[in-house]
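Worksheet: one structure, shown below.
The values are calculated or read from the model by the stated rules, or taken from the named source; none is laboratory data. Every value quoted in this text rests on a predicted model; they were computed, and no experiment measured them. For neighbour counting, all protein chains shown are included, and Cβ atoms are generated from backbone atoms with ideal geometry for every residue, glycine included.
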Amino acid sequence: MIKEEFIYLYDGSFTNLLNLCYLLIQKRIIPANIKSDEYEPNLLEKVFKLDIDNNANIDWFLQIFSKRIFKTVYYLFISNDKNKEIIIYYFLVHSLKYKDKIYYMRNLKSVSKALQIEKYVGRENHKFKGFLRFKELENNCLYAEINPENDILFILTKHFQRRLNSEYFIIKDVRRKILSIYDKKDFYIVSEDEFKPIINLSTNEEDIQDLWKSFYKTVGIKERKNDRCRMNFMPKKYWQYIIEVSDEK
């Protein structure tokens, strides 16, 4: 393999990153780093962008790598880790050699880091499955807001697509200003500039919220209240959009 001093750029999409990794692996190039084209290099860094067809070479990945490896790579991509692209590159290079045995190669720094990030993304997605709270709008559509560290909107929506397949719903990622819109058949990820929902709560929503808050307080045992224990399971950073605790200081 030839180690280069160039930072290779891609257009920010998952498919473009995979195709860039494919070309680098085929050319036996080890890049200095990989960054999206929004990256601003310093005066000493050299950047280079290849002309890449986003539709090419994806079949190669599906044939060579297992679904498990593909999932790990996708979880790395949606993470907020600033070095995720180069970690993905090295994880793919090692996976070519070890296949699914890669998960036992934790002595390799890039593999250890990749599995750590995957676990972090999966844990956050799991928490939002329980912490997300929908509100009913006037048009009978359900609406919820989240503010995750990682870009988990797609995989989170896939979960609720299975759970609420007979409902219309919208989930908004406040941090990234994107929304997923489910129409009882499929869902679409759009930016806030493309679609701004009118948030008018239904006439029953306030009553439903009051009942839920009352239930939450009623089932709790005052003498056994343990705020530190509760925050271990439900950290305060999630409270803003959780109805039963959103008004607590």
Out of all the residues in the range 54-62, is one or more in contact (Cβ under 8 Å) with a residue 24 or more places away in the chain and either out of contact with any helix residue (DSSP H, G or I) (no Cβ under 9 Å at 6 or more places or on another chain) or not assigned by TED's automatic domain parsing to the domain that holds residue 95 (or both)?
no
For the list (1) under 22 Å from the mean Cα position of the chain (by Cα); (2) outside any strand (DSSP E or B); (3) crowded, with 16+ Cβ neighbours inside 10 Å, I need the number of the one condition that residue 34 fails.
(2)
Kindly indicate whether residue 197 is closer than 26 Å to residue 75 by Cα, in contact with a strand residue (DSSP E or B) (Cβ under 8 Å, 6 or more places away or on another chain) and not assigned by TED's automatic domain parsing to the domain that holds residue 78.
no
Residue ID - surrounded by the most Cβ atoms within 10 Å (Cβ to Cβ), chosen from residues in the range 5-26 that are assigned to a loop (DSSP other than H, G, I, E, B) and at pLDDT 90 or above:
11
Out of all the residues in the range 52-87, which are surrounded by 17 or more Cβ atoms within 10 Å (Cβ to Cβ) and of a type in the set (Lys, Arg)?
84
Which of (1) farther than 21 Å from residue 76 by Cα; (2) aromatic (Phe, Trp, Tyr); (3) surrounded by 16 or more Cβ atoms within 10 Å (Cβ to Cβ) is the odd one out, the single condition residue 48 does not satisfy?
(3)
Cβ contacts < 7 Å: first residue assigned to a strand (DSSP E or B), restricted to the range 165-188; second residue surrounded by fewer than 19 Cβ atoms within 10 Å (Cβ to Cβ) and of a type in the set (S, T, N, Q), any location; separation 6+ or different chain. Result?
178/191; 182/161; 187/161
So which of 198, 242 ends up being modelled with pLDDT under 95 and loosely packed, with under 12 Cβ neighbours inside 10 Å?
198
Kindly indicate which of 237, 222 is surrounded by fewer than 10 Cβ atoms within 10 Å (Cβ to Cβ) and either of a type outside the set (Ser, Thr, Tyr) or within 18 Å of residue 140 (Cβ to Cβ) (or both).
222
